[in-house]
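First up is the structure itself, then whatever we jot down about it.
The values are calculated or read from the model by the stated rules, or taken from the named source; none is laboratory data. The structure displayed is predicted, hence computed values, not measured ones. Here the Cβ is made from the backbone with ideal geometry for all residues, glycine too, and neighbour counts use every protein chain on show.
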Amino acid sequence: MDWLTIITNLLPLLPGGGGQAGALAQIAADLIQRIKSQSGMTTEQILDRAGVTLDDNKRMLLEDLERLQGANP
Amino acid sequence: MKPRRIPKLHILGLVVFSLLLTACPQENPNDPLRKYAKAVDNMAGAINSMIRAKRSLASDGRITPAEDLTLTKALLVANEAVSVFHKRVKSLTAAPDASTKAELISLLNNVTTAVDDLNNQGVIGVGNAESKQKLARFIATLKAAITVFSGL
C-alpha cells in the first residue's frame, strides 16, 4: 500500500504538519493511529474491525440522512 | 538558562519515521490476504473519518446543509460498495485465483466509481475552499487504499 501517500495526505491536517488543533486534526490522528495499529492485529481481527466500522458508518450516515432530509424535505 | 527547544520540523520528521517503521512491515507471503484486509480496513476507516469530518464542518457552518446532504448520500453509496467488497474479501480462504480476481476487480470497480462520484458530486461541490481541501485529503486516503488492488 502506498502508506507514504496516506500519511503525506493526512499530516497537513495535524498541528505539527501545518494544520490547526481541533476536531479535524484529531480525526486525522485517529486514522493514522488506526493504520498503525494494524501491525499488532491478525488478518481476521483487521477484517472484523473493518466490518464493525462499515456497519457503524452506515448507522451514522442513515442518522445524518434522516436529520438532513427532515430539515430539507 | 533557557530550556532548549526541539524544532517542530524535527518532531514531525521523527513522527513520520516512526509511522513508516510501524506501518510498512514486510507482508507475510504465507498470508496473501493480509494486504487486502488492511486496505479494506483503511477504506472503512477513511469513510468513518470523512463522516466525522463532515459532521464537524457542518456543525461549524463550514458546509451548507445541502452540501452535507449530497456528501451523505454519496458516502452511503461508497460505504455500501466497500461493504460488498469487504464481504467478498472476508469469504476468501486462499490467494484469489483467476476467476475470483475477476470478481474482485468488478466489485472494486464499483468502489472506485462510488469514490469518484463522492469526489465529483460531493467534495468538489463544496463552496468553502478550506473545507473542500480538507475533505479532499480523506478522498486521497481512500484512493491510496484502492491502489493496493491494482495488482489484481
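Details
- Considering segment A:31-55, and only residues there that are of a type outside the set (Val, Ile, Thr) and more than 7 Å from chain B (Cβ to nearest Cβ), the residue that is surrounded by the fewest Cβ atoms within 10 Å (Cβ to Cβ) turns out to be A:GLY40.
To keep it simple, each residue is scored yes or no on (1) at positive phi; (2) modelled with pLDDT under 95; (3) surrounded by fewer than 23 Cβ atoms within 10 Å (Cβ to Cβ).
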position: B:ARG5; (1), (2), (3): no, yes, yes
position: B:LEU12; (1), (2), (3): no, yes, yes
position: B:SER18; (1), (2), (3): no, yes, yes
position: B:ASN30; (1), (2), (3): no, yes, yes
position: B:MET50; (1), (2), (3): no, no, no
position: B:THR70; (1), (2), (3): no, no, yes
position: B:LEU75; (1), (2), (3): no, no, no
position: B:GLU80; (1), (2), (3): no, no, yes
position: B:VAL84; (1), (2), (3): no, no, yes
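Per-residue answers, yes or no, for (1) at the interface with another protein chain (Cβ under 10 Å from one of its Cβ atoms); (2) charged (D, E, K, R); (3) under 24 Å from A:SER37 (Cα atoms):
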| site | (1), (2), (3) |
| --- | --- |
| B:ARG55 | yes, yes, no |
| B:THR72 | yes, no, no |
| B:SER83 | yes, no, yes |
| B:THR93 | no, no, yes |
| B:ASP97 | no, yes, no |
| B:LEU104 | no, no, no |
| B:VAL123 | no, no, no |
| B:ARG137 | yes, yes, yes |
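- Some residue of segment B:118-130 being of a type in the set (Asp, Glu), in a helix (DSSP H, G or I) and under 14 Å from the mean Cα position of the chain (by Cα): no
- Unique residue being closer than 19 Å to A:GLN45 by Cβ and out of contact with any Phe, Trp or Tyr (no Cβ under 9 Å at 6 or more places or on another chain) when the list is B:ARG34, B:ARG52, B:ARG137: B:ARG34
- Among the residues of segment B:74-109, those identified as outside any helix (DSSP H, G or I) and either in contact with a Ser or Thr (Cβ under 6 Å, 6 or more places away or on another chain) or among the small types (Gly, Ala, Ser) (or both) are B:ALA94, B:ALA95.
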